[in-house]
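The values are calculated or read from the model by the stated rules, or taken from the named source; none is laboratory data. Here the structure is a predicted model, which means the values were calculated and not measured. Cβ sites come from the backbone with ideal geometry, for glycine too, and all protein chains shown count toward neighbours.
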Amino acid sequence: MRRALALAVAVAFVSPANAIDGDILRARMSAGVTSDSNLFRLPDSVTFQNGASRSELLSYLSVGLDFDRDWSAQRVRAAFNLRDTRYTEYPQLDGFDWSTSLGWTLLEGDQNSLGIDLSRSRATLGFADARVLGRPVVDTTSLTMRGALEVVPRWSAIAAVGWLSTDNEPASRSVLDYEQTFVETGARYDFRTGSIVDFVWRHSVVDFVNGSSLGFDNGYSQDDIGLRLDWRVTEATLLSGRVGLQVRDYADARRDRFTGPGVSLNADWRPRGGLQVVATLRSELSAPAEINASYARINAVSTTASWLATGKTTLRAGVDLMRRDFRGDGTGGSNAAERRDLMTALTGAISIQVWRTLELGADLRLDRRDSNVDSFDYFTRIFTLRAGMVF
């Protein structure tokens, strides 16, 4: 009721003239109700917490502010988002997620730039592998500095440095806390036709700050060498992403080294008629916080299509397929190193632009994981009714 009243009041005081393209400052509000048939992602044969409910009905209210302003050759961006989530069956999981970011860019020309980005966030992770009573949340802080300097026409030297830190809760998940630093250098070629290619070498170092409690050092260094591109294939098709070689070396000699391809490519096709199709291909190592082995290899494909059926109604549908192979030495002699997951997700959504500032929608997601380790199998159905405003 509290969320419904807040949304009704906001709608009453917002007119269609408030949201104007190019606004320097924008406010956002959204609210929704979600039904999740298997909140803790349990196999069908498992009952959670002595017969407690597997399903959950949760509600959320989120608000946000976006600031974007150009001053001469500079651009300043800032954003803040706050989300309050309330659970019906498991109120101990109630809480706030938030994120904030600040960016500054100095644009001297088409191929000269200098930028700094800072962000902090708190996010509730999924329960697929956590399976804890407390909220599995992670606090993340990142800082990046990047620059480009034109050397000769169309060619620029590029460089970047960055730092990222995570802090996981509850305490049982603190072994996943890590710090990452990276340095990047390379060259950029601008075709002046809407296509850009970067030739990049990046060196990263990851330190698991509480990893000693595992009995070994799961930290590593990684080198990525390859291409990063935004390629205008046709007027309606854009290919973007990266392709190259990944080399990962672990600090602990018992951990397995990896050398292999790293690919993450997106094809965005936008023909006429309000249709957009995005296809993604990934073949890479998983993020550090997702693994319980030397490394996990991800191979994934996904396709999402959206169609502006009328001037106010948008339909979306998608399919995601991912195989995740855990390789190498499992922690504590567990079976994680032999684990293989096949994950499938089907999504559908409808959005209706009631007013210029108000959008109503519904989303359905069918999510399934089949693993050779039966305790990691699950199926869940997630249905959401939502309303959102921008003004």
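For this structure, a couple of remarks:
- Within the stretch 249-268, the residues that satisfy the criterion of being small (Gly, Ala, Ser) and either at pLDDT below 80 or farther than 14 Å from residue 327 by Cα (or both) are 251, 253, 262, 264, 267.
- From 123, 79, 130, residue being within 19 Å of the chain's Cα centre (by Cα) and modelled with pLDDT under 95: 130
- The set of residues in the stretch 91-124 that are loosely packed, with under 15 Cβ neighbours inside 10 Å and acidic (Asp, Glu) comprises 94, 108, 110.
- Those residues of the stretch 250-272 which are surrounded by 15 or more Cβ atoms within 10 Å (Cβ to Cβ), free of Cβ contacts under 8 Å to residues at least 60 places away in the same chain and in contact with a Lys or Arg (Cβ under 8 Å, 6 or more places away or on another chain), in sequence order: 250, 262, 263, 264, 265
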